[in-house]
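Participant: Below is a structure I'd like to ask you about.
The values are calculated or read from the model by the stated rules, or taken from the named source; none is laboratory data. The structure presented is a predicted model; accordingly, all values stated were derived computationally and were not measured. In this analysis, Cβ positions are derived from the backbone assuming ideal geometry, glycine residues included, and neighbour counts consider all displayed protein chains. Please note that ligands, DNA and RNA were not included when accessible areas were found on the heavy atoms of the full protein model with its side chains. Shrake-Rupley method; radii C 1.70, N 1.55, O 1.52, S 1.80 Å.
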Amino acid sequence: MDVREIYDAVLRGDGTSVETLVKQAVAEGATPQQVIAESLVPAMAEVGARFERAEFFVPEMLIASRAMQAGLGVLRPLMVGEQSTAVGRVAMGTVQGDMHDLGKNLVCTMLEGAGFEIVDLGADVAPEKFVAALQQAKTDIVGMSALMTTTMPAMERTMKALAKAGLLDGVKVLVGGAPLSQEYCDEIGANGYAPDASAAVRKASELVGAG
Ligand code: B12
């Protein structure tokens, strides 16, 4: 099985083929991590590049992201293990104004696979919603994702709202998303940044003292 076929099917936005090809790749011995790193993630990077060159528009971006989600749907059950005691609890959301959730979903899946319990708050999560989630149930980590430079400030607003509500004691804040950096993480006073899902698992383990 050529991972290139999965890559091409994502670019065509052909979710049915992606599903079939991913199943085939796994049956032939590819690991979920391999399929993600070698075909699904590079395909979305190419989608972004084509969007920048005005070869793709929002509808193409959307159908490609659905095709990628179809592939992740096949891989998710294979990555989420049966753990009796959670390593830690993570509340995760994409910040206000931002609808991009593929990366966040991937990070959630990988964290679950590593034994974390996830409270997925979804996308376009207002600061008050993060606050309410933490007031409702204590978590070890709050994860925030932002995919646009224009929505990065919502992370800072969320940090301020959490601080104002007195919720930052004992909770670590983990941030990520394509436009982010360690510098930005430090600037807003978050506890950790990771550039991708595997690094997110390492960082989260470190933050709960299990790394
Ligand atoms: C798919 C996509 C969409 C889809 C999203 C579907 C979905 N359900 O997510 C749709 C079509 C809806 C969309 C819409 C828009 N998009 Co868009 N989109 C993309 C695209 C092509 C890919 C993003 C993606 O899914 N990547 C794959 C995942 C796996 O990677 P990732 O998200 O980066 O996540 C990884 C890491 O960042 C990290 N990570 C992510 N989150 C977190 C969280 C934590 C805690 C941690 C530790 C790590 C972490 O780990 C992840 C896994 O490895 C990007 C291009 C790009 N290069 O990023 C543009 C992009 C983000 N979009 C862009 C734009 C402009 C838009 C629109 C404004 C377009 C429009 N005119 O309407 C709208 C905005 C909608 C909104 N309000 O949010 C721009 C943003 C530019 C900017 N200002 O910064 C980009 C960069 C494209 C471009 N080059 O111009 N988009």
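Participant: Could you calculate the FRET efficiency of Glu187 with Glu128 from 1/(1 + (r/R0)^6), where r is the beta carbon distance between them and R0 is 22 Å, rounded to 0.05? Before the final figure, lay out the partial values.
Facilitator: Numbers: r = 23 Å, r/R0 = 1.03.
Between Glu187 and Glu128 the formula returns 0.45.
Participant: On to the next question. May I ask you to work out the translational diffusion coefficient for the chain at 25 °C, viscosity 0.890 mPa s, via Stokes-Einstein with Rh from the Kirkwood sum over Cα pairs, reported in whole µm²/s?
Facilitator: This corresponds to a translational diffusion coefficient of 139 µm²/s.
Participant: Using a 1.4 angstrom probe on heavy atoms only, work out the carbon and sulfur share of the accessible area of the chain in %.
Facilitator: Within the chain, the accessible surface is 52 percent carbon and sulfur.
Participant: Follow-up question, since we're still on this one. Whole number in Å², please: accessible area per residue of the chain, 1.4 Å probe, ligands, DNA and RNA not counted.
Facilitator: With all protein chains present, the chain gives 49 Å² per residue.
Participant: Under a point spin-label approximation (7 Å from Cα along Cα-to-Cβ), what is the Leu62-Thr149 distance to one decimal in nm?
Facilitator: 2.5
Participant: Continuing with the same structure: Just to confirm a number: summing +1 for Lys and Arg and -1 for Asp and Glu over residues other than Asp8 whose beta-carbon lies under 12 angstrom from that of Asp8, what do you get?
Facilitator: -2
Participant: Determine the gain in length on full extension of the stretch Asp2-Arg202; use 0.36 nm per residue of separation and subtract their C-alpha separation, reporting nm with one decimal. Each step should come with its number before you reach the end.
Facilitator: On the way: separation 200, 0.36 × 200 = 72.00 nm, distance 2.93 nm.
Here the segment from Asp2 to Arg202 would lengthen by 69.1 nm.
Participant: Anyone know which of Arg89, Arg53, Arg12 comes out most mobile in the 10 Å Cα GNM of the chain?
Facilitator: In the Gaussian network model the winner is Arg53.
Participant: Spin-label point model (7 Å from Cα, Cβ direction): what's the Glu52 to Gln135 distance in nm?
Facilitator: With each label placed 7 Å out from Cα toward Cβ, I get 4.2 nm.
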